[in-house]
Amino acid sequence: MSNMVFENGWFLWFLLIIPLLTAYYIYRQGKTTAAMKVSSMKMFDPGHVSFRHYLRHILFALRLVVIALIIVVLARPQDVDKWNSTTSQGIDIVMTLDVSGTMMYEDFSPNRLEAAKNVATEFISGRPDDRIGLTVFSGESFTQCPVTTDHAVLINLLREVKSGMIEDGTAIGLGLATAVNRIKDSDSKSKVVILLTDGLNNRGAIDPITAAEIAKAFNVRVYTIGVGTMGYVEVPVQTFFGVRKQQVPVEIDEALLTKISDMTGGKYFRATDNTSLEKVYQEIDKLEKSKIEVKEYSKREEMFMPWAIAAAIAFCMELILRFLVMRNIS
């Protein structure tokens, strides 16, 4: 339903002129008299009165309509029934995912990698205003999807991520450097990398601290996530007697990940199961949500033109009736 307001609403007080003019017109009509000598009253027989005589008041009515419409035009009617939402420049985010062999450990359900993919998918779906990209790393690193607002494509590419798709290892520095390279030239108001890993840096030509310094230089905030249960995890191992489960220590360089986040203004998180991993992404979502400024405002649209056109039409009708149809009858 239309919601009309008036920019110069005080002009509407002039509409009080209309009833005053009407009252004066009625008073004047009652006082109007005329005298002339005629030889017969036949011409004043009601049966001989022209229809124009009965329509003589239309001229005055049209004049009142013109005055009222002009007053409305001067009051500047505006339609505010149109709401627009605008979003200031959002955040560029690159999710950097470890796809090394240890990400297949089953201390998460169904394993670390799949759990990370599932939670990341929910995170992406909840941030429609951001450009998000994806890089993966193990012994090497590459970009799976550049930053984009087409989150459907991004999610599909995320689902295709598998352990073993590149050489095994854990090149944290190289993975971070690849992510930073994707957004370092962005003009976004905020640039973020979310780096998830479950191990120690043991590969790559770029030292993680060097990569963090590069991120800091380009104002890229890095949130790091260490995934893995505390202590030991059972891992199926092929032996001479078949597949046996062995206890393997969970080794995450938390000191390194914490330093990377501290250097860049981010934060380090530890996730030990699916639930805690979901909470980590929820907290990151809250931390970065405040960085986006969303404004909802009413867009006022000027609506005086229809009223002005109506006033012009009424004025023209009065002229036509006065000078062509009714001529001197008023």
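The spacing between region 218-268 and region 99-158, judged by their C-alpha centroids, is 17 Å.
Using the alpha-carbon positions of region 89-292, Rg (one decimal) and Dmax (whole number) come out as 16.2, 59 Å. The length gained on full extension between A312 and D185, counted as 0.36 nm times the residue separation minus their Cα-Cα distance, comes to 40.0 nm. Here region 89-292 carries DSSP beta bridges of which approximately 35% are antiparallel, counting only pairs with both residues inside.
Stokes-Einstein diffusion for region 133-253, with the hydrodynamic radius set to the Kirkwood value over Cα pairs and evaluated at 25 °C in a medium of 0.890 mPa s, equals 154 µm²/s. Computed FRET efficiency, Cβ-Cβ of E160 and I58, R0 56 Å: what is it to the nearest 0.05? Approximately 0.15, to the nearest 0.05. Taken about its Cα centre, region 151-265 carries a charge dipole of about 280 debye when Lys and Arg each add +1 at the Cβ and Asp and Glu each add -1 at the Cβ. Sorting S138, S163 by the number of Cβ atoms found within 10 Å of their own Cβ, with the fewest placed first, yields S163, S138. What the Cα convex hull of region 105-200 gives, in volume per residue, is 98 Å³. Treating r as the C-beta distance of T229 and K279 and R0 as 22 Å, the FRET efficiency rounds to 0.90. Under the combined filter of DSSP loop state and at most 10 neighbouring Cβ atoms within 10 Å, region 219-295 retains these chymotrypsin sites (Phe, Trp or Tyr not before Pro): F240, F241.
No value in this document is a laboratory result; all are computed from the given coordinates. Because the structure is predicted, anything quoted here is derived from the model rather than measured. Backbone-built Cβ (ideal geometry, glycine too); neighbour counts: all protein chains shown.
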